[in-house]
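Peer 1: Before I ask anything, here is the structure I am working with.
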Amino acid sequence: MKREEQLNAMQQYVKELFKLDVTGHDFYHMIRVAKMAKFIAEYENADEFLCEAAAWLHDIGDYKLFQQQQVLEEMNQFLKNISLSDNEIEMINDIIQNISFSKGNIPESLEGRIVQDADRLDAIGAVGIARTFAYGGAKGQFIYNEIPQDTSIQHFYDKLLRLKDQMNTEKAKQIAADRHQFMEQFLEQFHREW
């Protein structure tokens, strides 16, 4: 099976898994992360196929979205069925298991660092703001209140405003600076209005 066919199969696989997601981890999030990972991989002279493939699959197994073990086993069987090698499957699994913010890891491989950057870039800026409130609404969080813990606005301070300084690649750092500034402007306006 050709690389393009494999990526198209992954895209369809992910589309089916995430088509009903309302938390901001939907199919369109996967599209943006896959495109960004491929874009950054070009600048970094990384394995573009591996970056794009792992980006398509990066939220499979996320504890917030799935019962991990079963869905990862199904994904690995799917990857075997579309003729990925055992080594490629192992590398994809390593990437997707080591990019989350909550684990605090920096992936060892350049490809892993690129996918981590691409995912984090989608968490900041205008789209990141929209995703924050989509996730908060889906999980029954308040937008903001006098006790800010577990509110969508608090999430900016707990995580999103920290991401700019945690980018791994130069290209991601450049993109993150602009998106970070936009979030700061949004929060200033939000607090004025509140």
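Peer 1: Quick check for me: using +1 on Lys/Arg Cβ and -1 on Asp/Glu Cβ, what's the dipole size of the chain about its Cα centre, in debye to the nearest 20? Display every interim value, and only then the final one.
Peer 2: On the way: 21 positive and 32 negative charges, 93 e Å.
The calculation lands at about 440 debye.
Peer 1: Relative contact order of the chain, please, whole-number percent, based on alpha carbon pairs below 8 angstrom and at least 6 residues apart. Each step should come with its number before you reach the end.
Peer 2: Numbers: 219 pairs, mean separation 39.5, N = 194.
Averaging sequence separation for qualifying contacts and normalising by length gives 20 percent for the chain.
Peer 1: Within region 36-194, how many Lys pairs that are eight or more residues apart, or on different chains, come under 21 Å at the alpha-carbon?
Peer 2: 14
Peer 1: Net charge around V33, counting only other residues with Cβ within less than 9 Å of its Cβ (Lys, Arg = +1; Asp, Glu = -1)?
Peer 2: -1
Peer 1: Further question: Nearest 500 deg cm²/dmol is fine: what mean residue ellipticity at 222 nm does the chain get from its DSSP H runs of n ≥ 4 alone, each adding -39,500 (n - 2.57), divided by its residue count? Provide the component values of the computation, followed by the final result.
Peer 2: Details: 9 runs with 126 residues, N = 194.
Computed ellipticity for the chain at 222 nm equals -21000 deg cm²/dmol.
Peer 1: With contacts defined as alpha carbon pairs under 8 Å and 6 or more residues apart, what's the relative contact order of region 1-61 in percent? Before the final figure, lay out each step's value.
Peer 2: Numbers: 45 pairs, mean separation 21.0, N = 61.
Here the relative contact order equals 34 percent.
Peer 1: Within region 62-139, list the GluC sites (Glu not before Pro) lying in a DSSP loop whose Cβ has at most 13 other Cβ atoms in a 10 Å radius.
Peer 2: Numbers: sites: E73, E74, E88, E90, E108, E111; in loops: E108.
Those satisfying the criteria are E108.
Peer 1: Right, another one. Where the only charges are on Cβ atoms (+1 Lys, Arg; -1 Asp, Glu), what is the dipole of region 1-94 about its Cα centre, to the nearest 20 debye? Before the final figure, lay out each step's value.
Peer 2: Details: 9 positive and 18 negative charges, 71 e Å.
My answer is approximately 340 debye.
Peer 1: Now for a different question. In percent, how large is the relative contact order of region 98-181, given Cα pairs closer than 8 Å and 6 or more residues apart? All intermediate terms of the calculation are to be shown ahead of the outcome.
Peer 2: Details: 78 pairs, mean separation 24.0, N = 84.
With pairs under 8 Å counted, the relative contact order is 29 percent.
Peer 1: Something else: Can you give me the C-alpha center-to-center distance between region 51-116 and region 159-194, rounded to a whole angstrom?
Peer 2: So the separation of the two Cα centres works out to 26 Å.
Peer 1: Working out 0.36 nm times the residue gap between Q181 and K19, then minus their Cα-Cα distance, what length gain in nm do you get to one decimal?
Peer 2: Details: separation 162, 0.36 × 162 = 58.32 nm, distance 3.11 nm.
Taking 0.36 nm per residue and subtracting the Cα distance, the gain is 55.2 nm.
Peer 1: Taking θ = phi - 60°, what integer Hz values does the Karplus form 6.51 cos²θ - 1.76 cosθ + 1.60 yield along region 96-109, in sequence order, with x for Gly and Pro?
Peer 2: 5, 8, 10, 9, 5, 4, 5, 7, x, 8, 10, x, 6, 7
Peer 1: From the protein chains alone at 1.4 Å, what is the descending order of accessible area for I175, I147, largest first? Can you show the working numbers first?
Peer 2: Values: I175 35, I147 120 Å².
Highest to lowest solvent-accessible surface, that is I147, I175.
Peer 1: For F142, which sequence-distant residues (separation of 5 or more, or a different chain) have an amide H within less than 5 Å of its own amide H, given hydrogens modelled in the peptide plane?
Peer 2: It is S152, by chain and number.
Peer 1: Hey, another quick one. Please give me, ordered by residue number, the trypsin sites (Lys or Arg not before Pro) of region 131-165 that lie in loop per DSSP and have at most 13 other Cβ atoms within 10 Å.
Peer 2: Values: sites: R131, K139, K159, R162, K164; in loops: K139, K159.
Hits after loop and neighbour filter: K139.
Peer 1: Quote the FRET efficiency, to the nearest 0.05, computed for Q174 versus Q70 with a Förster distance R0 of 30 Å and r equal to the Cβ-Cβ distance.
Peer 2: Values: r = 39 Å, r/R0 = 1.30.
Taking R0 as 30 Å, the efficiency between Q174 and Q70 is 0.15.
The values are calculated or read from the model by the stated rules, or taken from the named source; none is laboratory data. Just so we're clear, the structure is a prediction, and the values are computed from it rather than from any experiment. Quick reminder, even Gly has a Cβ in these numbers, built from the backbone with ideal geometry, and neighbours come from all protein chains shown. With ligands, DNA and RNA removed, areas are computed over all heavy atoms of the protein, side chains included. Shrake-Rupley method; radii C 1.70, N 1.55, O 1.52, S 1.80 Å.
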